[in-house]
Amino acid sequence: MYERIRFTEYLDLDLNDEHWYCHDCGTRLISARENYKRGCMVAQRLPEEIHNPVIDGPYSFAPDANWVRIVEFYCPNCSRQIETEYLPPGHPITVDIEVDIDSLKARLEKGEITVVGGKLVKVQTEKRA
């Protein structure tokens, strides 16, 4: 039985059932062998909704909506914002976390690493002189 691993501020990995979970409410999102974003609610926002122009005119220091889309990913249960991406229009959703689950489990079983307080920790081995 493994403790959940906290991958980001609001995203946990449970190796017992190999799923991503919302850290805040514990909702199971999707298989950890898939992109966690596919298990989230998605909202696309225009840059001007978030970044107010600093000055008037065409050069306002705000992102241009013709060049960028802001895509937000939320927990489908508690609506906690898990991730945000700035992408060119039409660009596919990125895969920012890809875990080799089998290797991770093997290293945990061998005792090379452990989970302490939701964090992966390398196990210190004694060095012989």
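Of note:
- Looking across region 49-61, just one residue is within 26 Å of the chain's Cα centre (by Cα) and surrounded by 14 or more Cβ atoms within 10 Å (Cβ to Cβ), and that is H51.
- Out of F73, F7, one residue alone is under 23 Å from E98 (Cα atoms), touching a Ser or Thr at 6+ places or on another chain (Cβ under 8 Å) and not β-branched (V, I, T). It is F73.
- When the residues of region 83-116 are filtered to those that are among the basic types (K, R) and surrounded by 11 or more Cβ atoms within 10 Å (Cβ to Cβ), the one that is farthest from G39 (Cα to Cα) is R107.
- Scan of region 3-17 for residues that are under 19 Å from V121 (Cα atoms), out of contact with any strand residue (DSSP E or B) (no Cβ under 6 Å at 6 or more places or on another chain) and part of a loop (DSSP other than H, G, I, E, B), ordered by number: E9, L15, N16
- Residue check for R80: at pLDDT below 95, surrounded by 10 or more Cβ atoms within 10 Å (Cβ to Cβ) and under 20 Å from the mean Cα position of the chain (by Cα): no
- Given (1) assigned to a helix (DSSP H, G or I); (2) under 16 Å from the mean Cα position of the chain (by Cα); (3) within 27 Å of M1 (Cβ to Cβ), number of the condition G26 does not satisfy: (1)
- Taken over region 35-48, residues that are more than 12 Å from the chain's Cα centre (by Cα) and either more than 16 Å from P76 (Cα to Cα) or crowded, with 16+ Cβ neighbours inside 10 Å (or both) amount to 4.
- Look at region 13-36: where a residue is under 11 Å from R80 (Cβ atoms) and modelled with pLDDT of 95 or more and a partner is assigned to a loop (DSSP other than H, G, I, E, B) and aromatic (F, W, Y), sitting 6+ places away or on another chain with Cβ atoms under 8 Å, you get C22/Y10; H23/Y10; D24/Y10.
The values are calculated or read from the model by the stated rules, or taken from the named source; none is laboratory data. These figures come from a predicted structure and were not determined experimentally. Counting neighbours? That spans all protein chains shown, and the Cβs are built from the backbone with ideal geometry, glycine included.
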